[in-house]
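The values are calculated or read from the model by the stated rules, or taken from the named source; none is laboratory data. This is a predicted model, so every value here is computed, not measured. Quick reminder, even Gly has a Cβ in these numbers, built from the backbone with ideal geometry, and neighbours come from all protein chains shown. Quick note on the areas: whole protein, heavy atoms, side chains included, nothing else; ligands and nucleic acids left out. Shrake-Rupley method; radii C 1.70, N 1.55, O 1.52, S 1.80 Å.
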There are 2 protein chains.
Amino acid sequence: MIRSDAARNRAKVLAAAEIVLGEQGLTARMDEIARRAGVGVGTVYRHFATKEALYAAIVSARVDLLLDEAARLRAAAEPQTGFFRFFAQVVADAARKKTLTDALRSAGIDVKAEQAGQRTQMREALADLLRDAQRVGAVRPDVDMPEILALLRGASMAAETGDYSGPVIDRTLAVLFDGLRPLAAHEPLPSA
Amino acid sequence: MIRSDAARNRAKVLAAAEIVLGEQGLTARMDEIARRAGVGVGTVYRHFATKEALYAAIVSARVDLLLDEAARLRAAAEPQTGFFRFFAQVVADAARKKTLTDALRSAGIDVKAEQAGQRTQMREALADLLRDAQRVGAVRPDVDMPEILALLRGASMAAETGDYSGPVIDRTLAVLFDGLRPLAAHEPLPSA
DNA sequence: GTAGAATCGGAATCAATATTCCGTTTGAAG
DNA sequence: CTTCAAACGGAATATTGATTCCGATTCTAC
């Protein structure tokens, strides 16, 4: 039987950590997370063995949401837009909270097994959407995953670290997407 | 009169720091820099008050080189290619050493006065090249600096943190550049 | 209502590094 | 060749922040 206060506190810690890590990334302090959760640090540690574990739990949850979104977009069967929407979705997520790319960057080297799985799933989801889009001619046929991943990482990191306003992100993505489209004319950029 | 050994050591420290910081970014340890320079930590500190100061000295030098390059490209009077070459140049530099974007990122907030000046210069150099390119129709007229900066930052960060092979970077930039070109047909991507 | 186990809070501990200090060494000038 | 100020090396110190520990406080079950 899980004690009710334990469950409550765990939730409070997760919520606080999501906010604090989202604002400050990996450099956030455990004290701060505990303080904002209204519990002692000891409690944070009873629920999550290390800062990294806490961090992983949150990133993992967010990636799952993105994966759901990818599946939904694919099921919607609009191959012309699915890929682009998902791409924009990921970037928007990065802009909102600074945790995703942080993980890729600083961790980078020592990805935990669990996360490695998610990473693969993410890659596959993106590859599927890309393939669909290319099949219907919405994305030029000569681009491949490596450059897509590089572009996505770059866009996410830029969105995450800079303090770009929404319109700038939209215009940036518009340029990027135009580069991915087949010879067709450019979309007009959204106004700044 | 500057003692000869002092001058020599200063140079050794700078050289070592360029390598170590280039490999490990801001997380590199002062011990390590001292060790590789073949001097004691005390010596490092006699020449550079803090790690940040040492870091700043190196970044500053690199930015100066890039600024020179921008001026050279502009003087070469090939407005069709100057902008793109410079963009690629910056990204290549980021890929080689992980210091530039680090500074923009983590510092981000507290940019030193000196560096603020360089940042302005960088922005102006880029704006000049962009204007030239747009005048001759090499870059679509509806893009503006904010999105250019976002793209450059993103590309640099991706190049810096990922372990992309040269060809992938080339292909990524090719996509990106195609998005910046006017309606004209895409360039064929460089082979992977 | 009470006992016992689980959970709490947060002070104390530990670890990792930047930075300082000072006795020792070295270069420059006379 | 001396002298002495400047520079050196690297041990000692200071700081920052994660993690551990344990007495005090809840829960839950009976």
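Ignoring ligands, DNA and RNA, what percent of the accessible area of the protein assembly as shown is carbon or sulfur (1.4 Å)?
Carbon with sulfur: 56 percent of the solvent-accessible area.
Helix A:166-180 sits at what angle to the longest principal axis of chain A, using alpha carbons and giving 0 to 90 degrees rounded to 10?
So the inclination is approximately 50 degrees.
If amide H atoms are built 1.01 Å from N in the plane of the peptide, which residues on other chains or at least 5 residues away come under 5 Å of the amide H of A:Val139?
Under 5 Å from the amide H of A:Val139 lie the amide H atoms of A:Gln134, each far enough along the sequence or on another chain.
Distance between the C-alpha centers of the range A:1-42 and the range B:34-59? Whole Å please.
Their Cα centres are 38 Å away from one another.
Tell me what chain B gives for mean residue ellipticity at 222 nm when only DSSP H runs of n ≥ 4 count, each as -39,500 (n - 2.57), the sum divided by the residue total, rounded to 500 deg cm²/dmol. List each step's numbers first, then the result.
Working: 9 runs with 141 residues, N = 192.
Calculated mean residue ellipticity at 222 nm is -24000 deg cm²/dmol.
Evaluate 2.2 N^0.38 Å with N set to the residue count of chain A, then give the Cα radius of gyration divided by it. Don't skip to the answer; put the middle values down first.
Working: Rg = 18.9 Å, N = 192, 2.2 N^0.38 = 16.2 Å.
Normalised by 2.2 N^0.38 Å, the Cα Rg of chain A equals 1.16.
For a Förster distance of 45 Å, can you work out the FRET efficiency between the beta-carbons of B:Met30 and B:Arg131, rounded to the nearest 0.05? Walk me through the numbers before you get to the answer.
Numbers: r = 43 Å, r/R0 = 0.95.
That pair, B:Met30 with B:Arg131, gives E of 0.55.
Working out 0.36 nm times the residue gap between B:Ala61 and B:Glu78, then minus their Cα-Cα distance, what length gain in nm do you get to one decimal?
3.5 nm
Could you state the accessible area per residue of the protein assembly as shown in Å², with a 1.4 Å probe and every protein chain left in place?
49
Nearest 100 Å², what total accessible surface is buried between chain B and chain A (probe 1.4 Å)?
Looking at B and A, the buried total is near 2700 Å².
If I take all pairs of Cα atoms in the protein assembly as shown, what percentage of them are more than 37 Å from each other?
On the way: 21244 of 73536 pairs.
Taking all Cα-Cα pairs of the protein assembly as shown, the fraction more than 37 Å apart is 29 percent.
If the limit is 31 Å between Cα atoms, which of A:Lys97/B:Lys12; A:Lys97/B:Lys51; A:Lys12/B:Lys97; A:Lys98/B:Lys12; A:Lys51/B:Lys98 go over it?
Table pairs above 31 Å Cα-Cα are A:Lys97/B:Lys12; A:Lys12/B:Lys97; A:Lys98/B:Lys12.
Scattering from the C-alpha atoms of the range A:1-87 alone, worked out with Debye: what is log10 I(q)/I(0) at q = 0.13, 0.17, 0.20 1/Å?
Cα-only, vacuum Debye calculation for the range A:1-87: -0.53, -0.71, -0.84.
Can you work out D for the range A:1-48 in µm² s⁻¹ from Stokes-Einstein, where Rh is the Kirkwood radius over C-alpha pairs, the temperature is 37 °C and the viscosity is 0.692 mPa s? Don't skip to the answer; put the middle values down first.
Working: Rh = 10.6 Å.
Stokes-Einstein gives a translational diffusion coefficient of 310 µm²/s.
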